[in-house]
Amino acid sequence: MTNPHDTYTSPLAARNASPEMCKIWSPRHKFTTWRKIWLAVAEAQQACGLNITDEQLDEMRSTLEVTDEDMESAAKYERELRHDVMAHVHAWGDRCPKARPIIHLGCTSQDVVCNADLMVQYEAVQLIESKISRAVASLGRSAESTKSIPTLGFTHYQPAQPVTVGRRTAGWANELYQNSPSNRDEFLGSLYRLRGFGGATGTQASFLNLFENDTDRVDRFEMLAVSKLLIQMGVIEDQGVAETLGLKVRDAWMFQLMGQTYPRSQDAAMLASLANIASVLHKIATDIRLLSNRKEIDEPFGKSQIGSSAMPYKRNPMKCERICGLTRFVMNLVGNAYDTAATQWLERTLDDSSNRRLSLPEAFLALDGALDLMHTVASGLIVNEAMVKRNLMAELPFMATENIMMEAVKLGRDRQDVHEAIRVLSHEAGYAVKQEGKDNDLLERLKSEPLLEGVDIDAHLDPMAYVGRSVEQTERFIREVVEPLRVRYADQLESLGSADRGV
């Protein structure tokens, strides 16, 4: 057996993704899902009149979970057969010999693989949804505690009208929330779809043959098999719901037409949606890194954590840097998915298989790790209020000039003359700060300007007078979005694991 230290191991699984996400994409989970699909097919075929016994179905049900011995047996078969699906058909057949003759009956490999891939993606999206909610809740807590701390706003990364620290944090949380699966049409429109059962080229020829050219029985078989899988996924409650819906199951939860596989453009849409989430995480982490440079905000830092092997004083925002690295990886997988979708020849070609084994799981694993990191950062975000105030007050005189100008106009001064005077004085003060290294003395310059005589300059230096509705907007977001999420995901938010898994 190869020593794990002597072979490559994906850092996504070893250092970034959670055990929960790794399990969803694990070989055992995939192959167990295959067996559940084969069982659903057999149960539906029996219900539609094929000669499949209860004894055979019971044997399949009792051996659904893939054991280590099953994995070893399937690996042995695959070395011999060079076909992963048939290897697992044979391995399961060895476990349930009575059911062996009817396993995979009428199916092509993609009847199993495609449906399983979609079911696994559904599970992975549910985990992503809960982790987005946890990150939003964590950012919401930080926003609540800092909603009344005024801070310098930026446009073009230049000083602009003040906001509050909490308002900015709530803005991060809101954008992340808006890109969660439950709020995105591209997720909702295809998330619950399965491939269905179409045979080798999607025409259902093999199933039509099984059911003696009875198209109604083929339709009923497919509806029953798909509905059984939807029940397992938790999309519908029971078979009675599916029976009531009848063939509407196809309209709502299956692709209408496909070749051997479901359309690979679906994978591109999925990865594009994950990339949207990744882009938001990247933006938040970048903002925190920028503010860390200004000494206004720090991410949590361990007591014994080392920022640099050469510079002992360093306190780098390494978690946010990891978020940016992981999310950049996710965003760049989208082009790969478009390439795969574009190069599917006619009813199917196989160059998608090896590619999708990488792109789909790794996109989810990387995003999962980034979301866990964002939760950790948001939960321990450190706001250095003294620096926030210092940086704001260094620029506030410039911010106050518009209000000061309005006061001068109320005293009867010409607005254009006052504007020009303040413009000149502002640029002189800015020059002194930038070129001469002096403190901002704009206030003193303004107090000496004849056109501003009678204006109480100091009265316009309360930062909270310039933050608009920042506090109210933050409180509304917490009330309308964050609190409902905390209630909805209360159990899950507490049970999700830590992100502290490496560097």
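The values are calculated or read from the model by the stated rules, or taken from the named source; none is laboratory data. Values in this document were obtained by computation on a predicted structure and should not be read as measured data. Here the Cβ is made from the backbone with ideal geometry for all residues, glycine too, and neighbour counts use every protein chain on show.
Some points to look at:
- Complete set of residues in region 147-165 that are outside any strand (DSSP E or B) and either touching a strand residue (DSSP E or B) at 6+ places or on another chain (Cβ under 8 Å) or assigned by TED's automatic domain parsing to the domain that holds residue 481 (or both): 147, 148, 149, 165
- In region 200-232, the residues that are outside any helix (DSSP H, G or I), in contact with an Asp or Glu (Cβ under 7 Å, 6 or more places away or on another chain) and over 16 Å from residue 113 (Cα atoms): none
- Meets criteria (assigned to a helix (DSSP H, G or I) and within 29 Å of the chain's Cα centre (by Cα)) for residue 144: yes
- Looking only at region 52-90, and only at residues there that are of a type in the set (Asp, Glu) and surrounded by 16 or more Cβ atoms within 10 Å (Cβ to Cβ), the one that is farthest from residue 109 (Cα to Cα): 59
- The criterion of being of a type in the set (Ser, Thr, Tyr), buried (at least 18 other Cβ atoms within 10 Å of the Cβ) and at pLDDT 90 or above holds for residue 169.
- Checklist (1) in contact with a His (Cβ under 7 Å, 6 or more places away or on another chain); (2) among the basic types (Lys, Arg); (3) closer than 22 Å to residue 199 by Cα applied to residue 23, failing item: (3)
- Any hit, region 89-102, residues being among the acidic types (Asp, Glu) and at pLDDT 95 or above: yes
- In region 408-430, the qualifying residues are those that are in a helix (DSSP H, G or I) and of a type in the set (D, E, K, R), and the one that is nearest to residue 442 (Cα to Cα) is 428.
- Tally of residues being part of a helix (DSSP H, G or I) and surrounded by fewer than 21 Cβ atoms within 10 Å (Cβ to Cβ) across region 91-101: 5
- Restricting attention to region 331-351, the residues that are farther than 14 Å from residue 270 by Cβ, touching a residue at least 60 places away in the same chain (Cβ under 8 Å) and of a type outside the set (Lys, Arg) total 3.
- Filtering region 431-458 to residues that are assigned to a helix (DSSP H, G or I) and either free of Cβ contacts under 8 Å to residues at least 40 places away in the same chain or touching a strand residue (DSSP E or B) at 6+ places or on another chain (Cβ under 8 Å) (or both) leaves 431, 432, 433, 434, 435, 436, 444, 445, 447, 450, 458.
- Meets criteria (in contact with an Asp or Glu (Cβ under 7 Å, 6 or more places away or on another chain), over 17 Å from residue 344 (Cβ atoms) and at pLDDT 85 or above) for residue 280: yes
- Boolean, residue 241 is farther than 24 Å from residue 157 by Cβ, modelled with pLDDT under 85 and more than 25 Å from the chain's Cα centre (by Cα): yes
- Positions within region 12-30 being in a helix (DSSP H, G or I) and free of Cβ contacts under 8 Å to residues at least 24 places away in the same chain, in sequence order: 23
- Among (1) at pLDDT 90 or above; (2) touching a Ser or Thr at 6+ places or on another chain (Cβ under 8 Å) - the single one residue 221 does not satisfy: (2)
- A single entry from 116, 74, 99, 47 fulfils the requirement of being without any contact (Cβ under 8 Å) to a residue 60 or more places away in the chain, within 24 Å of residue 210 (Cα to Cα) and in contact with a helix residue (DSSP H, G or I) (Cβ under 6 Å, 6 or more places away or on another chain): 99.
- When region 317-355 is filtered for residues that are assigned to a helix (DSSP H, G or I) and over 23 Å from the mean Cα position of the chain (by Cα), the ones remaining, listed by number, are 342, 351, 352, 353, 354.
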